[in-house]
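Down below is the structure, laid out as structure tokens.
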Amino acid sequence: MDMPVGILYGIAFAIALTLALVMTPVVKKFAFAVGAIDKPNYRKVHTRIMPRLGGLAIYIAFVGAVLIVGPFIPEGLLRAYDYDMIRAILVGGTIIVILGALDDRFELSAKVKLLGQIAAACVVVFGFGVKIDLLNVPFGEAMQPIASWISIPITILWIVGVTNAINLIDGLDGLAAGVSGIAISTILIMAAIMGFVPVILLSTILLGGIIGFLVYNFHPAKIFMGDSGALFLGFCLATLSMLGFKQVAIVSFVTPLLIIGVPLSDTFFAIVRRWRSGKPIFAPDKGHLHHCLQELGFGHRRTVLIIWGIAAFFGACAIVQSTFTQSHAANWITFVVIFVLMFCLQIGAELIGIVDNSRRRRPVLNLLFRNRLKAQAESRPE
């Protein structure tokens, strides 16, 4: 007798959660034993030596849960393509975790890490045939097929870009894990609405592993996820979010961007900031969103919770936008969502100084201020 699919999801979540809770302390001891540690410096907020490699616990929880529940998946529930997607995440994720673990221990160069990420993306695309082959651009008539010479580089760029975006926001206890968990929850809700079983299963398992790890990673953290965790979560998010390109007439091109809006916007502002200051794009700095919020006086936990709230807002927008994409007003809803988010992002960036702290370089805020003064002047009696 086949196990009911709802019970299967619950058991998978519980297994991943338990494995993460059990394995994180083990990984912590292992990290100290092999010297995978993070020492304080001028860019770090922690003041004591911390173990890295926490991503190994999430990875072990994820892979372990997939292998344990795999034999109990009802026959016919998954298609051949679904199994290919699961294998792609397992194999590509393993490459990413090994790459991240080596960086946690030996601090690899940016070029080596980039080549490793491209290799993992190529495994997904060429090894298992998972790629973006349908695209629905807002105000387009329908989902349009994409030629392979376009879809392959787009897919590789998407995977590498999202993988690095999660790594860039990993600056505070629980920040990257929490933002990733919210993004995975968004994907889970959307997959449940669409009835996309493989993504529901994988998202449920990954969410269990993240929550189990967060018990040890939230402030004050006992262990950092390191590049092994940030790169793995980014890779999984990139791959799972591509489900939006696979569901004909359901999800537009905008939706996956909204799901990971916080790390992508932070990465975008970092690139603009470094370009304007004449620094290399990959050069580290203290201008990220969490740095700016702390400079405004917010404490460690409150900063993390604020960014979690922003991530949840992006996720809610993604769900709303995708829910209405089948309606006649879908294109206008997409346009409104994009406009509101872009406006909010610009106002937020100017308020906290994520691009430039200079008051003179706040075009939208200055425009609003001038209009307000003008309106006040016009309303005064002669």
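Readers should treat all values here as calculations from the given coordinates under stated rules, not as data from a laboratory. Keep in mind that this is a model prediction, so the values were computed, not measured. Because the Cβ atoms are built from the backbone with ideal geometry, glycine has one as well, and the counts that use them run over all protein chains shown.
Odds and ends about this structure:
- FRET efficiency for LEU67 and CYS122, using Cβ-Cβ distance with R0 set to 30 Å, rounded to 0.05: 0.80
- Label positions at PHE339 and ARG48, each projected 7 Å from the Cα along the C-beta direction, are separated by 5.3 nm.
- When each of LYS39/LYS279; LYS39/LYS131; LYS131/LYS279; LYS39/LYS111 is checked by Cα-Cα distance, pairs over 32 Å: LYS39/LYS131; LYS131/LYS279
- Between ILE347 and SER109, the contour length at 0.36 nm per residue exceeds the alpha carbon distance by 82.2 nm.
- Per residue, the convex hull volume that the Cα atoms of the range 1-134 enclose (Å³): 156 Å³
- Net +/- balance of residues flanking GLY100 in space, Cβ distance below 15 Å, scoring K and R +1, D and E -1: -3
- Placing dummy labels 7 Å off each Cα toward the beta-carbon, the span from LEU77 to PHE313 is 3.8 nm.
- The range 56-212 - Debye-derived log10 I(q)/I(0), Cα point model, q = 0.10, 0.13 Å⁻¹: -0.41, -0.70
- Extension gain for ARG87-ARG302 works out to 73.6 nm (0.36 nm per residue, less the C-alpha to C-alpha distance).
- Sequence ranges 264-276, 112-124, ranked by mean other-Cβ count within 10 angstrom, highest first: 112-124, 264-276
- Gap separating the Cα centres of the range 306-325 and the range 46-105, nearest whole Å: 26 Å
- If the segment from ILE154 to ILE193 were pulled out straight at 0.36 nm per residue, it would be longer than the present Cα-Cα gap by 11.4 nm.
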